[in-house]
1. Cα centroids of the stretch 194-213 and the stretch 47-80: how far apart, whole angstrom?
2. Using 0.36 nm per residue of separation minus the Cα-Cα distance, give me the extension gain between residue 229 and residue 191 in nm, one decimal.
3. Assign one of three labels to the stretch 23-64, namely rounded, prolate or oblate, based on the Cα gyration tensor with a ≥ b ≥ c the square roots of its eigenvalues; rounded applies when a/c is under 1.5, prolate when it is not and a/b is larger than b/c, and oblate otherwise.
4. In what order do 86, 226, 201 fall by count of nearby beta-carbon atoms within 10 Å, going from fewest to most?
5. Could I have the simple spin-label model distance between residue 207 and residue 142, label points 7 Å from Cα toward Cβ, reported in nm to one decimal?
6. Just report the Cα centroid separation between the stretch 137-160 and the stretch 23-38, whole Å.
7. Please report how far the C-alpha centroid of the stretch 246-285 lies from that of the stretch 86-108, rounded to the nearest whole angstrom.
8. Order these by the 10 Å Cβ neighbour count, fewest first: 94, 276.
Amino acid sequence: MLKACSAWRGWDRTPLPANVAEVELLNGPPPKEPLSISQPPDLFYVIFCRSGGATLNWPDGQRLCLGPGWTLFLSGNAGTYSCRFTQVPFQGVMIQEPEQAALAALSFLWPDQKISFPSPRHGCAVLEDMLWSESLFLTLDQLPLDRRGNYCVLKALELLYLAHAGGGHQPEWSRHLDSQQTELMERVHDHILEHLEQRLTIQQLSQRFGISGTSLEASFRKFYGTPIHQYILDLRLARAAQLLCSTELSVLQISAAVGYGSVSQFGVAFKRKYHMSPSQFRAEAKMSFFDGVLSDTV
């Protein structure tokens, strides 16, 4: 998976040195077309998703969603699948490590337990704990660049430990959707992306696409793994974060551009997700940029 994602030139890729694994920080607009991936049987992958998301689809009709703040684990049993990224800026860390090295490390730390990778459902697991993920990224931001890769590898081992100890959970796999349902949900998704500045309601969307509100909510959650209202909220805030970093638009203009009629409501929602005000977020982003420029010139 790392090879397929690294081939996309739209990423801002930052390799993070690590002793036993390949670690990359990916940031930027994701590919529009799905990536076809064949998982090597001797490698496992962990994706820490800070913003954005993706949907993984297998030939047997199974699909799994990765959302903002979630962590995805893929063992060598994942096989062949496609990965379609949500069309908002993605930021996350991807780790590729030999399975045997990870198993050996866990066996050393936890000698009394039989360690193995999950085999059902394509050998995948997900941790939907946003506080856990945000803690990782906040710590990562404070570490020197040459320490970040090994820190991510340690957190990946922690994830595997939690999976065995019961702290994580297996994903809720969606049941198969036929081709018409799949096409309809993708059309709904694309409409939401193109109209984030507008007021979007279940009633409005169900009338536009000729489907009952109940069926729309159920099918969307089945396909994307999260309630439609939460998905829209995450997209609005991710788009706002992008605009804060890449434009000089005022906070008022950005709040309107992502569908908020009140700048105060926008500020409350943004702070709830990013733990700082929009103005603080913009200042932090500029500071991080200049820190990177200065470190590159030293």
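Every number in this text was worked out from the coordinates using simple rules, so none of it is lab data. Note that this is a predicted model, so its numbers are computed, not measured. Quick reminder, even Gly has a Cβ in these numbers, built from the backbone with ideal geometry, and neighbours come from all protein chains shown.
1. Value for the Cα centre distance between the two parts: 27 Å.
2. Going from the current span to full extension adds 12.3 nm.
3. oblate
4. Ranked by crowding around the Cβ, least crowded first: 201, 226, 86.
5. My value for the distance between the label points is 5.1 nm.
6. Answer, in whole Å: 21.
7. Answer, in whole Å: 32.
8. Result, fewest neighbours first: 276, 94.
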